[in-house]
Amino acid sequence: MKRVVVGLSGGVDSSVAAYLLQQQGYEVIGLFMKNWHDDSVTISNECPWLEDSNDALLVAEKLGIPFQTVDLSEEYKEKIVDYMFNEYEKGRTPNPDVLCNREIKFDVFMKIALSLGADFVATGHYCQKSEIEVNGETVYQLKSGADTNKDQSYFLCQLSQEQLAKSLFPIGELTKPEVREIAGQLDLITAEKKDSQGLCFIGKVRLPDFLQQKLQPKAGDIIQIDKDDPIYNLEKEVGLSFEEDVKLEAEKISYTPKMGKVVGKHQGAHYFTIGQRKGLNVGGTTDPLFIIATNVETNTIYTGLTSQHPGLFKKALHIEKEEVHWIRKDLALAKGETMHVMARIRYRQPLQSATLHQFENGMYVAFDEPQSAITEGQFAAWYVGDELIGSGVIS
């Protein structure tokens, strides 16, 4: 009997994952990760982790599996929360869920599980794993979940072959309604529980409130840039190399306050992100304002009217050399190589046709169609068919 440690989160997905593994004949242990107890940074008045750990305990009791709680709050603070504050301070927008999977669930947590004699770690992610042989070696594939509406492969885009080798995703071939139905038949307390929102494991969180506890508010200008500004119609230089051309496509536009008009005030550029519409509190515009750029050095936010403003769109993005990550190392590009892929720059975004270009200084992802709100600090992930083969931090 192989032993599996399931990360029981107190939600329906991990509950059903534990049950399915039991049915498949594994020896199952439930482990709840407590990732937060720092009262100096309050997240909400409720205490979601207490309720979640109780639900996880009740599920374990119902299934008749051993259960314990592990406190990973120190590691979580250091690897996730401090990193987030750092990134926001630099004016970037991190993705804590992707990091939490790479650094906590499939690293710190996995090591604890293996120390308990586990053969595998299982989670309630909607994704699938398979294996193939390449040059006589086993290679693990990370594939989209069968439920296209719930596919969570994107959140696992930073996993390695070593991490995948020890991972199981029991609900990957089910749809969410099927998972709820199984939980209902088993009369699990989590059957009708709503999906958790907010930071991975921290619970309900309003990001600006959270960030304000570490990053001091400071007033700055909100500037509106006209869609017909000449910056959007610059002539391209003739005779550029392909690399110079794609670099131009990926470059940020350098806005200055002179280019637009002040339409309001904000409390800190580091609380805002590209593509954001809510929270600006600027009235009197004919259409909604969207953030097209932020500058934390000058503490300025640049905006444009409507979701079709040219300042929101770019055809390419850059990933620094050391930030390019291949799940399928056997498919990694050498300098000068290209590959056609389907890519996404955020969770739930429909896959977009794109070409990867590997150069000396990193990789460019060039899209067939311009993409809205490409955001520094987020992850771009690329797929071949339904297999996620690599990812990287947008620079």
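The values are calculated or read from the model by the stated rules, or taken from the named source; none is laboratory data. No experiment lies behind these values; they were computed from the predicted model shown. With ideal geometry, Cβ positions are generated from the backbone for all residues, glycine too; neighbour counts draw on all protein chains shown. Only protein heavy atoms, including side chains, enter the accessible area calculation; ligands, DNA and RNA are left aside. Shrake-Rupley method; radii C 1.70, N 1.55, O 1.52, S 1.80 Å.
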> Do you know which residues across the stretch 92-150 are touching a helix residue (DSSP H, G or I) at 6+ places or on another chain (Cβ under 8 Å) and at positive phi?
Replying inline: Asn135
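From Thr256, Thr286, which residue is loosely packed, with under 12 Cβ neighbours inside 10 Å and among the hydroxyl-bearing types (Ser, Thr, Tyr)?
Details: Thr256 fails: loosely packed, with under 12 Cβ neighbours inside 10 Å.
Only one candidate qualifies: Thr286.
Please state which one of Lys252, Lys214, Lys265 is touching a residue at least 40 places away in the same chain (Cβ under 8 Å), touching an Asp or Glu at 6+ places or on another chain (Cβ under 7 Å) and at negative phi.
Values: Lys252 fails: touching an Asp or Glu at 6+ places or on another chain (Cβ under 7 Å); Lys214 fails: touching an Asp or Glu at 6+ places or on another chain (Cβ under 7 Å).
That would be Lys265, the only listed residue that is touching a residue at least 40 places away in the same chain (Cβ under 8 Å), touching an Asp or Glu at 6+ places or on another chain (Cβ under 7 Å) and at negative phi.
Of the residues Glu369, Glu337, Glu323, only one is farther than 30 Å from Asp147 by Cβ, open to solvent by 20 Å² or more (accessible area, probe 1.4 Å) and among the acidic types (Asp, Glu); which? Reasoning before the result, please.
Values: Glu369 fails: farther than 30 Å from Asp147 by Cβ; Glu323 fails: farther than 30 Å from Asp147 by Cβ.
The unique qualifying residue is Glu337.
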> Of all residues in the stretch 165-175, how many are under 20 Å from Lys150 (Cβ atoms) and either among the acidic types (Asp, Glu) or outside any loop (DSSP other than H, G, I, E, B) (or both)?
Replying inline: 3
> Can you pull out the residues in the stretch 132-157 that are out of contact with any Phe, Trp or Tyr (no Cβ under 7 Å at 6 or more places or on another chain), open to solvent by less than 50 Å² (accessible area, probe 1.4 Å) and not aliphatic (A, V, I, L, M)?
Replying inline: Tyr140, Gln141, Ser144, Ser153
>> Restricting to the stretch 1-24, name every residue that is over 13 Å from Val121 (Cβ atoms) and in a helix (DSSP H, G or I).
In response: Val12, Asp13, Ser15, Val16, Tyr19, Leu20, Gln22, Gln23
> If you scan the stretch 268-283, which residues turn out to be open to solvent by 50 Å² or more (accessible area, probe 1.4 Å) and at negative phi?
Replying inline: Arg277, Lys278, Gly283
>> Return the residues of the stretch 301-314 that are under 23 Å from His270 (Cβ atoms) and either among the hydrophobic types (A, V, I, L, M, F, W, C) or touching a helix residue (DSSP H, G or I) at 6+ places or on another chain (Cβ under 6 Å) (or both); say none if nothing qualifies.
In response: Ile301, Gly304, Leu312
> Is there a residue being in a loop (DSSP other than H, G, I, E, B), at pLDDT 95 or above and open to solvent by less than 50 Å² (accessible area, probe 1.4 Å) anywhere in the stretch 196-210?
Replying inline: no
> Among the residues of the stretch 22-44, is there at least one that is among the polar types (S, T, N, Q), open to solvent by 60 Å² or more (accessible area, probe 1.4 Å) and modelled with pLDDT of 95 or more?
Replying inline: yes
> Of (1) surrounded by 15 or more Cβ atoms within 10 Å (Cβ to Cβ); (2) out of contact with any His (no Cβ under 8 Å at 6 or more places or on another chain), Tyr364 satisfies all except one. Which?
Replying inline: (2)
> For the stretch 97-138, which residues satisfy the criterion of being farther than 16 Å from Pro170 by Cα and in contact with an Asp or Glu (Cβ under 6 Å, 6 or more places away or on another chain)?
Replying inline: Val108, Val134, Thr138
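So, of the residues in the stretch 87-113 that are in a helix (DSSP H, G or I) and among the β-branched types (Val, Ile, Thr), which turns out to be farthest from Phe379 (Cα to Cα)? Let's see the steps before the verdict.
First, pick out the residues of the stretch 87-113 that are in a helix (DSSP H, G or I): 87-89, 96-113.
Then keep just the ones that are among the β-branched types (Val, Ile, Thr); that gives 98, 104, 108, 112.
On the way: Val98: 8, Ile104: 17, Val108: 21, Ile112: 27 Å.
Among those that are in a helix (DSSP H, G or I) and among the β-branched types (Val, Ile, Thr), it is Ile112.
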>> So, Asp368, is that one more than 27 Å from Ser254 (Cα to Cα), outside any loop (DSSP other than H, G, I, E, B) and at pLDDT 95 or above or not?
In response: no
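Among Leu58, Leu99, Leu50, which is in contact (Cβ under 8 Å) with a residue 24 or more places away in the chain and either under 19 Å from Val6 (Cβ atoms) or open to solvent by 40 Å² or more (accessible area, probe 1.4 Å) (or both)?
Values: Leu99 fails: either under 19 Å from Val6 (Cβ atoms) or open to solvent by 40 Å² or more (accessible area, probe 1.4 Å) (or both); Leu50 fails: in contact (Cβ under 8 Å) with a residue 24 or more places away in the chain.
Unique residue meeting the criteria: Leu58.
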> (1) part of a helix (DSSP H, G or I); (2) closer than 26 Å to Ala332 by Cβ; (3) free of Cβ contacts under 8 Å to residues at least 40 places away in the same chain: which one isn't true of Ser130, the others all being true?
Replying inline: (1)
> Would a scan of the stretch 86-108 turn up a residue that is more than 16 Å from the chain's Cα centre (by Cα), of a type outside the set (Lys, Arg) and under 27 Å from Gln161 (Cα atoms)?
Replying inline: yes
> (1) open to solvent by less than 40 Å² (accessible area, probe 1.4 Å); (2) more than 30 Å from Tyr126 (Cβ to Cβ): which one isn't true of Thr355, the others all being true?
Replying inline: (2)
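Looking at the stretch 252-284, which of the residues that are out of contact with any strand residue (DSSP E or B) (no Cβ under 6 Å at 6 or more places or on another chain) and of a type in the set (Ser, Thr, Tyr) is nearest to Asp221 (Cα to Cα)?
Quick first cut of the stretch 252-284, residues out of contact with any strand residue (DSSP E or B) (no Cβ under 6 Å at 6 or more places or on another chain) only: 252-254, 256, 258-259, 265, 267-268, 270-271, 273, 275, 278-279, 281, 283-284.
Checking which are of a type in the set (Ser, Thr, Tyr) leaves us with 254, 256, 271, 273.
On the way: Ser254: 16, Thr256: 11, Tyr271: 13, Thr273: 15 Å.
Applying the filter and picking the extreme gives Thr256.
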